[in-house]
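Have a look at the structure below before the remarks.
The values are calculated or read from the model by the stated rules, or taken from the named source; none is laboratory data. Bear in mind the structure is a predicted one, so any value in this text is a computation, not a measurement. Cβ coordinates were reconstructed from backbone atoms using ideal geometry, including for glycine residues, and neighbour counts include every protein chain displayed. Protein only, heavy atoms only, side chains kept; ligands, DNA and RNA dropped before computing areas. Shrake-Rupley method; radii C 1.70, N 1.55, O 1.52, S 1.80 Å.
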2 protein chains.
Amino acid sequence: MPDSNQTSLRRAPRAVPSVPDLDPVIHQRVRLGILSALAAGGTTSFTDLKTVLDLTDGNLSVHARKLEDAGYLEVRKSFADRTPLTEYALTEAGRVALEAYLDQMEALIQTARPS
Amino acid sequence: MPDSNQTSLRRAPRAVPSVPDLDPVIHQRVRLGILSALAAGGTTSFTDLKTVLDLTDGNLSVHARKLEDAGYLEVRKSFADRTPLTEYALTEAGRVALEAYLDQMEALIQTARPS
């Protein structure tokens, strides 16, 4: 009696690692840039972030708002010599979420680079 | 004579690292999964990739085609016991592009995690 599952005779599947679910709020390139810049540089002004990440006002505002809505970023408004100053900072939730994302990405890098 | 550029008196900008341009063909989550699975497991069947990455046929086909169009992936059609077998493999260009992407991501991780 032939083996009912013919396909099981084909080449045995090689073990291929699964890929973690990357947080889409963080994984998007601009937002990843914002979060990692804030993690590296601490509280940072809108202007500095815009310069460093080479973004337009609109682009930075849109993505910063998405991060704020997700609870990962907070906006701080103040005055510096009577000039309005907008600064961004990571929230604790943002720090935790970024750490988890970086851990997943490190694991993926190790997967993709078998020693 | 007051300093003409009043804004220069505001808080000095803290050094914030810039963020590299991540290849959007690779950075998309599913495509990143496909490439890292192929880098880790070598030539892999459509069925195994679909299982490991938990994708639908359509989703895997669409993203594999984008990687193929970019020259990062090649499709190999063969027969295993008269059953059609579709396998994917990284091209050399795909390997080089993935390596560059992983280097950039490692740099970003180090940036986001100042020791």
Find every distance from the label point of A:VAL96 to the corresponding label point in the other copies (7 Å from Cα along Cα→Cβ) and write them in nm, one decimal, shortest first. 4.4
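Magnitude of the Cβ-charge dipole of region A:29-112, K/R +1 and D/E -1, about the Cα centre, nearest 20 debye?
Here region A:29-112 has a charge dipole of around 240 debye.
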Taking protein heavy atoms only, a 1.4 Å probe, and rounding to whole percent, the accessible area of region A:29-115 owed to carbon and sulfur comes out at 49 percent
When you look at the Cβ of every residue in A:25-37, what mean number of other chain Cβ atoms sits within 10 Å? 4
Kirkwood hydrodynamic radius of region A:29-112, Cα pairs, Å: 13.4 Å
If you put a point 7 Å past Cα along the Cβ direction, how far is that point for A:ARG82 from the same point in each other copy, in nm, smallest first? 9.0
Shielding by partners for B:49-56, please: the mean number of other protein chain Cβ atoms within 10 Å of each residue's Cβ. 2
Using r as the Cβ-Cβ distance of B:PHE79 and A:ALA107, and R0 as 45 Å, what FRET efficiency do you calculate, to the nearest 0.05? 0.80
Interface buried area A-B, accessible surface with 1.4 Å probe, both sides summed, nearest 100 Å², comes to 4100 Å²
